[in-house]
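Notes follow once the structure below has been shown.
The values are calculated or read from the model by the stated rules, or taken from the named source; none is laboratory data. The shown structure was predicted, so the numbers you read here are calculated from the model rather than taken from an experiment. Cβ coordinates were reconstructed from backbone atoms using ideal geometry, including for glycine residues, and neighbour counts include every protein chain displayed. Just so you know, the surface numbers come from the protein's heavy atoms only, side chains and all, with ligands and any DNA or RNA stripped out. Shrake-Rupley method; radii C 1.70, N 1.55, O 1.52, S 1.80 Å.
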Amino acid sequence: MINRIWSGKNKLYWLLTPFSLLYGLIVSIRRNCYRLGLFKSWRAPIPVIVVGNLSVGGNGKTPLVIYLIEQLRQKGYRVGVVSRGYGGSSRHYPVQVDDTATAEVVGDEPFLIYQRTKVPIAVSPKRSEAIKLLLASYELDLIITDDGLQHYALQRDIEIVVVDGKKGFGNGWYLPAGPLRELPSRLNSVDYLIINGQTEQSYKQSYSMILIPHNAINLKTGEQLPVSKLQSVCAIAGIGDPNRFFTMLKTLNVDIIHTVAFNDHQPYTLMQLSSLVKSKDILLMTEKDAVKCLPFAQNNWWYLPIDAQLPKEFIDNLCQKIKQLNDIQSKRN
């Protein structure tokens, strides 16, 4: 229902527009207070790259963060990552994500990024505290903040916005009538616009991103197989847009018995997931789901990792911008 409302297919969103107008007013006042210096913001001693979006839901932000980490490390940069840690249950912040951490404590997305990259990562609702924690222990060249476009308490040097090519900006309304945290006009002030997937809309100065699936991996044994080889599959997804995952599996000719969509950041239990499949069937999930299921994974549970792919011109342009920032910083020192 909510997706139909936010897409404009269900006109019930008009009932929520008064609340959206109030939300938009608060967003505008808050941002201007930071811009005018009425609210304090903190600047890190090294460049900060914010990866975020204008709308709620799955836009492909986490695969892009992993892509940036891998590409920038290849260029010789020492990268750290900070995140709010949404869905985590840590009793104190900031907290560092390391080999002793769990997705339940630090959040599924930070834990996934760490499992993939092993870069220094810290989590805190106040991103500045997370950055300070990392800088106290590591020599870093730059920070990537996973989400946080609207977290204006942290100053940033580069802003990257990810847009779902299919959904775009929905019905164009602020929350709760629509999916927007900020209006599309905000794109005029960001550095890079990344379009995830094919789109019929026209965007100026944007880069296309596609998500490339790899072999399916068994959670219990680490065995890898082409995902099309899996038989009698129950596919689950607890991400912003589960249908994107299910559609991908269909294009890969996966033998799907049925699909189950969960809420984004859904916590799982062994009993809950085991009830979905028989012992001879396969439970297939996203990598984001898998990191939460590792402690109680079963032999017939698999996940499908994906990687982001972008044009070479994007990372070259980004590295040039980082170099310019470092040159400016060197002159100041």
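Summary of computed values
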item: Region 228-292: trypsin sites (Lys or Arg not before Pro) falling in loop per DSSP and having at most 16 other Cβ within 10 Å; result: Lys278, Lys280
item: Of Asp255, Asp307, Asp99, the one that fluctuates the most in a GNM where the chain has Cα springs shorter than 10 Å; result: Asp99
item: In Å², nearest 10: area of Phe39 left accessible to a 1.4 Å probe; result: 90
item: Region 140-249: GluC sites (Glu not before Pro) in DSSP loop, at most 14 other beta carbons within 10 Å; result: Glu200, Glu223
item: Relative contact order, percent, the chain [alpha-carbon distance under 8 Å, six or more residues apart]; result: 20
item: Set of aspartates and glutamates near Lys312 by C-alpha distance (under 16 Å), chain-local residues within fewer than 8 positions excluded; result: Glu70
item: For region 196-233 versus region 141-170, the gap between their alpha-carbon centres in whole angstrom; result: 22
item: Rounded to 10°, Cα long-axis angle of helix 312-332 versus longest principal axis of the chain; result: 40
item: Accessible area expressed per residue, region 195-301, with surrounding protein chains retained (probe 1.4 Å, Å²); result: 54
item: Cα pair distances of the chain binned at 10 Å [whole percent]; result: 5, 24, 33, 26, 10, 2, 0
item: Difference of contour (0.36 nm per residue) and Cα-Cα distance, Thr251 to Tyr138; result: 36.4 nm
item: Heavy-atom surface of region 1-158, accessible at 1.4 Å and reported per residue (Å²); result: 49
item: Percentage relative contact order, region 127-192, counting C-alpha pairs under 8 Å, at least six apart; result: 25
item: Which listed pairs, of Lys118/Lys220; Lys132/Lys321; Lys75/Lys250; Lys132/Lys167; Lys166/Lys250, have C-alpha distances above 27 Å, in listed order; result: Lys75/Lys250; Lys132/Lys167
item: Cβ-based charge dipole, region 159-263, positive-most Cα from Leu175, Gln205, Ile194; result: Leu175
item: Whole-percent carbon and sulfur share, accessible surface of the chain, 1.4 Å; result: 52
item: Length-normalised contact order of region 263-327 in % [C-alpha pairs under 8 Å, at least 6 apart]; result: 29
item: Choice from Gly24, Gly76, Gly178 with maximal GNM fluctuation in the chain (Cα, 10 Å cutoff); result: Gly76
item: Antiparallel bridge percentage (DSSP; both residues within the chain; nearest 5); result: 25
item: Acute angle (nearest 10 degrees) that the helix 242-251 long axis makes with the longest principal axis of the chain, alpha-carbon atoms; result: 60
item: Ellipticity estimate at 222 nm from DSSP helix runs (n ≥ 4, -39,500 (n - 2.57)) divided over the chain, nearest 500; result: -9500 deg cm²/dmol
